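Read the figures in this text as sums done on the coordinates, not as results from a lab. Predicted, not measured: the structure shown is a model, and the values here were computed from it. Glycine also receives a Cβ, built like all others from the backbone with ideal geometry; neighbour counts cover every protein chain displayed.
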Amino acid sequence: MEKENVYYATGKRKSSIARTWLKPGNGEITVNGRHVDDYFKIGSAKAFLLQPLVLTNTIGSFDVKVRVSGGGFSGQAGAIRHGITKALIISDSDLRQALKKAGYVRRDPRTKERKKYGQKGARARFQFSKR
């Protein structure tokens, strides 16, 4: 029995982590066991995660299965995009140059800033009064 080509990668964004599997197929995308249209109600989030597939013209040639956890819908969409990008590079290393030029290969490092002691929040201070 021959094993199918399955490409696995992990993508991260903010506090979201997406485990992504790509296998040759007809373009079926499932996120946490649900179709991508059912999972992401906002069209911009769906368009955001499809960007690497659109850029490399592989939108109908891979089935994408994703397990994503943590964060909100925007962070999850970014994590999925990062995971799909890394998996595409594993499947075909020639795609790396186009994906890197578009800025999809690098992980977005922006995360929530921590609250500091003696302060109200990350940057907000308690109100100052001279008297």
Next item on the list: Would you compute the Debye intensity of the chain from its alpha-carbon atoms alone, equal scatterers and no solvent, and pass along log10 I(q)/I(0) at q = 0.09, 0.17, 0.21 Å⁻¹ to two decimals?
Entry: -0.32, -0.84, -1.19
Item checked: Between 0 and 90°, nearest 10: helix 43-55 axis offset from the chain longest Cα axis -> 50 degrees
Notebook entry, point to check: Which distance in nm do the two modelled labels at residue 90 and residue 110 give, with both placed 7 Å along the Cα-to-Cβ direction?
Noted result: 2.8 nm
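Could you sort the peptides 41-53, 64-76 by per-residue average Cβ neighbour count (10 Å cutoff), highest mean leading?
Working: 41-53: 16.5, 64-76: 18.5.
The packing order, highest mean first, is 64-76, 41-53.
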Check: Given labels modelled 7 Å from the Cα in the Cβ direction, how far is it in nm from residue 63 to residue 47?
Finding: 2.9 nm
Next item on the list: With a point put 7 Å past each Cα toward its Cβ, work out how far residue 15 is from residue 120 in nm, to one decimal.
Entry: 2.1 nm
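Just the number, please: percent antiparallel of the DSSP beta bridges in the chain, rounded to the nearest 5. It would help to have the intermediate numbers written out before the result.
On the way: 17 of 20 bridges.
Percent antiparallel among DSSP bridges in the chain is about 85.
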Check: Can you give the angle from 0 to 90° between the axis of helix 73-91 and the longest principal axis of the chain, with both taken from C-alpha atoms, to the nearest 10?
Finding: 40 degrees
Notebook entry, point to check: If the cut-off is a Cα-Cα distance under 13 Å, which aspartates and glutamates reach residue 23, setting aside same-chain residues fewer than 8 apart in sequence?
Noted result: 4, 63, 92
Next item on the list: Determine the distance separating the Cα centre of the stretch 106-127 from the Cα centre of the stretch 1-36; give it in Å without decimals.
Entry: 33 Å
